[in-house]
Each structure stands twice: as C-alpha cells, then as structure tokens.
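Reading through the structure tokens given below for one structure.
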Amino acid sequence: MKTDSLLYRIFKTAPSIFFELIGQPDFQGYEFKSIEIKQTAHRIDGVFLPPPDPPNLPVFFAEFQFQDDPLLYHRLFAEIFMYLEQNPTIADWQAVVLFPRRSLEPIQTHLYRALLNSPQVRRFYLNELSNQENRPLSLGLLQLIVASPKNAPNLAKQLLEQAQSDPDLPPGLIIELIITTMVYKFPQLTREEIIAMLEIVAEAQQTRFYQEAKEEGRQEGRQEGRQEGRQEGERAIILRLLNRRLEQISPEIQVQIEALTLKQLEDLGDAMLDFSTPDDLQQWLQNYVIKRFKPTSK
C-alpha cells in the first residue's frame with residue numbers, strides 16, 4: 001500500500017482530520033501542500049499553511065514515516081530549518097511525525113533530544129490510537145490505514161455508521177475517503193467490489209467521485225471489468241488531484257494520462273507528490289515514455 005500517497009489524499013481532502021489527530025480542532029482555514037525546498041533535493045511530505053488572518057498562526061510540518069529510516073530526524077530537521085531560512089516571516093512552527101507503529105521509531109535520537117522532547121515536535125503511532133467506541137471519526141479513519149485485512153472491513157463499516165451522525169465532516173466525503181483507503185488496502189479488488197463488501201452501494205452512488213467516474217465512463221463508452229474498474233477509479237483520482245495541485249492540466253496532458261496503464265497510474269500517483277508546476281508533470285511523462293520505449297542492448 002502506497003501510504004504516503006494515501007495520507008496526502010486524506011489530508012488534502014480533509015485537513016480537519018490532521019488537527020483532530022493532534023488535539024487542536026479549532027485551527028481552521030489551513031491549506032495542505034507538499035513543498036519542495038528550493039535548490040535542494042529535499043521535499044517535505046506535507047505542510048499545513050495557515051490562513052493570512054488571524055496573524056501569527058503556526059505552520060505545521062507533517063512527516064509520514066512508514067518504512068525504517070535511521071536518519072529520519074537528520075533529514076526532517078534539515079528540511080524544516082532550510083524551509084524556515086527561506087521563509088523568515090513564519091511566526092511559529094510545529095512538526096508532527098506519523099508512524100504506523102512504534103517499532104519504526106529511529107533508535108539513535110540523541111542529537112535531537114531537545115527538539116523531540118519539546119512541544120514543537122509530536123509523534124503519533126497510528127496503531128496506538130484510541131479504540132474506544134466514542135473516538136473521533138477522523139482518528140478512526142487514520143486507524144483504518146493500519147488495520148489488518150481481517151479487521152479492516154468491520155472497522156470501515158463502523159466508521160460509515162458513525163459518519164451519519166458526525167457534524168464536522170460531510171458523510172459523502174467520509175464515504176469517499178473510506179472507499180479510497182480500502183482500495184489501497186485490497187488492491188486485488190475493484191472499487192465496485194469494495195463498495196459491495198461494505199454494503200454501501202446506494203450511499204456510494206451519491207458521492208462526487210462516483211458521479212464523476214460515472215460521467216467519464218459514459219463519455220468514454222467503456223464497460224468496466226475487474227481490471228478496467230480499478231484503472232478507471234485510479235485515473236479519476238489522479239486527474240482530480242493533479243488539477244487541484246497544478247490548477248489545471250492541459251487537454252494534451254490529460255490525453256497522455258488517460259492512455260496510462262493501471263501500473264503507470266500508480267507510479268504517477270507516487271511521483272506527483274514531487275510536482276509543483278505543470279512542467280514537472282510534463283517532464284515526468286516524457287521521461288516515463290523514454291524509459292518505457294528505450295531499446296535494450298543485446
């Protein structure tokens with residue numbers, strides 16, 4: 001499961017989930033971005049940028065660490081302080097690191113003990129979030145990411161039930177995020193099979209994703225089989241996120257994306273976290289085609 005990409009989608013779609021996680025739900029109006037640090041090869045997983053009013057709100061740096069990395073904090077704090085150097089008007093900052101489990105925490109942290117023991121840096125282990133029935137819906141959604149395949153369907157159904165009475169997040173938005181998370185967890189199943197598993201056919205048909213995918217399917221005149229259904233769902237998500245991230249992609253680029261296979265779309269889903277301009281997307285597509293069709297030496 002490409003968890004970085006999934007978490008990016010969740011926080012981009014519903015920034016309030018992040019602030020519920022860190023116990024500061026009153027923060028409103030933040031915009032979530034993946035930001036490249038100029039003149040370096042570093043990119044911060046996610047940055048929550050505050051609204052212009054009121055002033056002096058903190059910037060939140062989010063790091064998603066789902067694999068072993070002994071040098072995690074070397075890299076993270078280097079990126080943060082380079083960003084602060086390049087943006088000297090920032091009033092305050094906090095860093096939040098998300099691990100699926102505590103065992104991925106680096107062992108050698110002595111160099112950064114002052115920061116790690118300060119309130120400016122907070123670490124969360126998704127498998128240790130509260131399992132209580134009255135837990136916030138947003139925390140349950142994050143738990144779903146690390147739930148075992150055996151427990152994930154039941155947890156997803158509980159969250160769908162809870163979404164009907166949650167005043168903070170629209171039920172349609174939660175349904176979309178839950179379905180997307182389950183598609184990542186069960187890549188062998190189509191989106192339609194996930195919807196049937198969760199017994200939410202009628203509810204899913206009301207989501208914006210379903211309506212957009214249905215309209216695209218009508219325009220293209222395709223019959224969706226098992227493989228085609230997954231490919232269509234992935235393509236719709238990729239195109240939507242690219243249009244949001246890059247404002248608007250050209251029709252020519254969209255045609256190229258629509259020609260990609262499911263595997264290529266998944267690669268693009270990972271790569272687009274590094275895009276900051278339409279040129280980045282165009283360069284990736286050109287390089288991908290060159291690599292794909294480059295003749296092999298005999």
If the requirement is being closer than 17 Å to residue 11 by Cα, at pLDDT 90 or above and not aromatic (Phe, Trp, Tyr), which of these qualifies: 126, 84, 139?
126
With the first residue restricted to region 277-298 and required to be at pLDDT below 80, and the second required to be in a helix (DSSP H, G or I), Cβ contacts under 9 Å at 6 or more apart or on different chains are 288/264; 288/267; 288/268; 288/271; 289/256; 292/264
Matching residues, region 104-140, being over 26 Å from residue 178 (Cα atoms), in contact with a strand residue (DSSP E or B) (Cβ under 9 Å, 6 or more places away or on another chain) and surrounded by fewer than 17 Cβ atoms within 10 Å (Cβ to Cβ)
105, 115, 119, 120
For region 78-123, give me each residue that is farther than 30 Å from residue 148 by Cβ and touching a Phe, Trp or Tyr at 6+ places or on another chain (Cβ under 6 Å).
80, 94, 112
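Give me a count of the residues in region 251-266 that are of a type in the set (Asp, Glu) and over 15 Å from residue 240 (Cα atoms).
Restricting attention to region 251-266, the residues satisfying the condition of being of a type in the set (Asp, Glu) are 252, 258, 266.
Next, only the ones that are over 15 Å from residue 240 (Cα atoms) stay: 252.
Number of matching residues: 1.
Tell me the residue from 140, 172 that is outside any loop (DSSP other than H, G, I, E, B), free of Cβ contacts under 8 Å to residues at least 24 places away in the same chain and under 30 Å from residue 195 (Cβ atoms), please. Break it down into steps so the answer makes sense when it comes.
Numbers: 172 fails: free of Cβ contacts under 8 Å to residues at least 24 places away in the same chain.
Every option except 140 fails the conditions.
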Evaluation of residue 135 against (1) free of Cβ contacts under 8 Å to residues at least 12 places away in the same chain; (2) in a helix (DSSP H, G or I) (one fails), failing number
(2)
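Can you find a residue that is among the β-branched types (Val, Ile, Thr), surrounded by fewer than 18 Cβ atoms within 10 Å (Cβ to Cβ) and either assigned to a helix (DSSP H, G or I) or more than 15 Å from the chain's Cα centre (by Cα) (or both) anywhere in region 238-252?
Filtering region 238-252 down to residues among the β-branched types (Val, Ile, Thr) leaves 238, 249.
With surrounded by fewer than 18 Cβ atoms within 10 Å (Cβ to Cβ) added as a condition, the list becomes 249.
Those still in the list that are either assigned to a helix (DSSP H, G or I) or more than 15 Å from the chain's Cα centre (by Cα) (or both) too: 249.
Checked against the condition, which is being among the β-branched types (Val, Ile, Thr), surrounded by fewer than 18 Cβ atoms within 10 Å (Cβ to Cβ) and either assigned to a helix (DSSP H, G or I) or more than 15 Å from the chain's Cα centre (by Cα) (or both), region 238-252 yields at least one hit.
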Name the single residue that is surrounded by the fewest Cβ atoms within 10 Å (Cβ to Cβ) among those in region 52-80 being in contact with a helix residue (DSSP H, G or I) (Cβ under 7 Å, 6 or more places away or on another chain) and acidic (Asp, Glu).
68
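The values are calculated or read from the model by the stated rules, or taken from the named source; none is laboratory data. In this text, all values refer to a predicted model and were calculated from it rather than measured experimentally. Glycine gets a Cβ as well: all are built from the backbone with ideal geometry, and neighbour counts include every protein chain shown.
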